[in-house]
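For reference, the structure discussed in these notes is given below.
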Amino acid sequence: MKIITLDEISFDKFANNHKYRNYYQTSSYGRTIKNNGYDIHYIGIIDDLGNLLGASLLLYKEVMMNYKVAYAPRGFLLDYTNINNLKEFTTRLKKLLSKQGFISITIDPYLPVNIRNKDGKIMNINNEANIALENLKASGYNYLGPNLFFESKKPRFEAIITLNDDIKDIYQSFEKRVRHKIKKAIRSGIEIYKGGKEELEIFYELIKKKYDKTLSYYIDFYNNFENNIDLYFAKLNTETFVITSRLQYEREIEINNDLANKIQTTTNVNSKKKLINEKMESDKLVNTYKKNLVWATNLLKENPKGLIIGASLNLTYDNVCYLIIEGFNPSFKTLNPNYLIKWKMINDYKNKNIKYININAVSGEFTKINKYSGLNEMKLGFNSLVTEYIGEFELIISPLPYNLYKNLNKDKEKKK
């Protein structure tokens, strides 16, 4: 066995046909990362006859005193069930990287452990996962654990919306509250459209607080994956929003007046008490709808041509749509732009022969209330399934500088 350097074409040819292929292990992603703080290298693993057994994109950077750390995003692309090949490859990789000043390498294979339903119940198990886990441990990789949240570089749980059924059946499978939010967004005047590269700055303003990535990263991402990128925007039609808000307010005024009249004419004590409670709730709604109407009216004056309030960047790869990142103006959270964008995506990709939409990370805690419960509630309300991946592993190459680096990092975190 030998480790060799691959060019982009040779790497992509192998990677795009591998069992666990993914967009992180592509030259397009490599070029994106290279322009944004990392060096990259493509390695190949060949047997004694020159056959390519595996490959990986490696990202690396210097961290201290000329020492470097490496990361194979959703890699390596090789057969983890073959213990002999894995051990030999790992031994050779450690020797190679040690000579080049590396202290560790992290991997998080694109290897699903199981598929769960929206309630967290296991529906399908990948028998290879346990074999791979034990083989990696036996080869010297430290398993960083079956974490439930977002402790690792890539999420261990991702929600997917399958597109096999008829579009009407897909919609009916959503939770009632999700359907309500979609309808509310439509009634409020939100319109979904696809934008282009020239609108990336508008997109960035809506998502820039979510991650520490710059606008240039998303420009590079767009350029490198351009033929497979979709940029969705949610635009509020402010004129429609005023009309809807006025109708809602006027309708509640009628209900409120009707309740007031019934209270005056009702003699039954229990009935009157019930009507008074209903009137009190209606009073609150009247006040809320009045504020909404004032808000909508001011928005129309300030934004007569409408206002972009939400966005989503999607990538299609291997007949799957990946929601890379989404965001919305928090002032318009109650109008649910992110729900309507997903509904539009489902309709569009259903017509493009896409197998499913990966709407990105969720937590692996499905029963206990936690700070990510709202995230799960939103994404799993689309009757999503959940893919659970094997998780993150670290191979220590040079223990002494590695421990020094870890201790320095701990001190930095304490200071923060």
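The values are calculated or read from the model by the stated rules, or taken from the named source; none is laboratory data. Predicted, not measured: the structure shown is a model, and the values here were computed from it. Here the Cβ is made from the backbone with ideal geometry for all residues, glycine too, and neighbour counts use every protein chain on show. Side chains are part of the model used for accessible areas, which takes the heavy atoms of the whole protein and leaves out ligands, DNA and RNA. Shrake-Rupley method; radii C 1.70, N 1.55, O 1.52, S 1.80 Å.
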When every residue in the stretch 250-279 that is in a helix (DSSP H, G or I) and of a type in the set (S, T, N, Q) is compared, the one farthest from N292 (Cα to Cα) is N270
Close pairs from the stretch 16-45: first over 23 Å from T81 (Cα atoms), partner among the charged types (D, E, K, R) and part of a helix (DSSP H, G or I), Cβ under 6 Å, at least 6 apart: S27/E8; S27/D12; T32/D220; N35/D220; I40/K34
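Show me the strands (runs of 3 or more DSSP E) entirely contained within the stretch 1-89 in which 2 or more residues are open to solvent by 70 Å² or more (accessible area, probe 1.4 Å). Working first, answer last.
Values: elements: 2-5, 39-46, 52-64, 67-72.
So the answer is 2-5, 52-64.
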Which of the residues spanning the stretch 326-343 are surrounded by fewer than 19 Cβ atoms within 10 Å (Cβ to Cβ) and touching a strand residue (DSSP E or B) at 6+ places or on another chain (Cβ under 6 Å)? N329
Under 7 Å between Cβ atoms, which residue pairs at least 6 apart in sequence (or on different chains) link something in the stretch 119-136 that is free of Cβ contacts under 8 Å to residues at least 12 places away in the same chain with a partner that is open to solvent by less than 100 Å² (accessible area, probe 1.4 Å)? I122/N114; I122/R116; N124/N114; N124/I115
Give me the pairs, please: first residue somewhere in the stretch 221-244 and over 19 Å from I202 (Cβ atoms), second residue anywhere and open to solvent by 50 Å² or more (accessible area, probe 1.4 Å) and of a type in the set (D, E), beta-carbon distance under 9 Å, and either six or more positions apart or on two chains. T240/E191
For the stretch 102-117, indicate whether the set of residues that are open to solvent by 50 Å² or more (accessible area, probe 1.4 Å) and either assigned to a strand (DSSP E or B) or not acidic (D, E) (or both) is non-empty. no
Which condition from (1) touching a Phe, Trp or Tyr at 6+ places or on another chain (Cβ under 6 Å); (2) without any contact (Cβ under 8 Å) to a residue 24 or more places away in the chain is the one that Y289 breaks? (2)
How many residues does the stretch 150-191 contain that are open to solvent by 20 Å² or more (accessible area, probe 1.4 Å) and either assigned to a helix (DSSP H, G or I) or among the aliphatic types (A, V, I, L, M) (or both)? 15
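Out of curiosity, is I357 farther than 30 Å from K99 by Cα, outside any helix (DSSP H, G or I) and modelled with pLDDT of 95 or more?
Working: farther than 30 Å from K99 by Cα: yes; outside any helix (DSSP H, G or I): yes; modelled with pLDDT of 95 or more: yes.
Yes; evaluated as a whole, the condition is true for this residue.
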Residues that are surrounded by fewer than 18 Cβ atoms within 10 Å (Cβ to Cβ), assigned to a loop (DSSP other than H, G, I, E, B) and of a type in the set (S, T, N, Q): does the stretch 299-316 have at least one? yes
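Against the definition (open to solvent by 30 Å² or more (accessible area, probe 1.4 Å), under 30 Å from F225 (Cα atoms) and out of contact with any helix residue (DSSP H, G or I) (no Cβ under 7 Å at 6 or more places or on another chain)), how does N277 come out, yes or no? Give the derivation first.
On the way: open to solvent by 30 Å² or more (accessible area, probe 1.4 Å): yes; under 30 Å from F225 (Cα atoms): no; out of contact with any helix residue (DSSP H, G or I) (no Cβ under 7 Å at 6 or more places or on another chain): yes.
Judged against the criteria, N277 is not a match.
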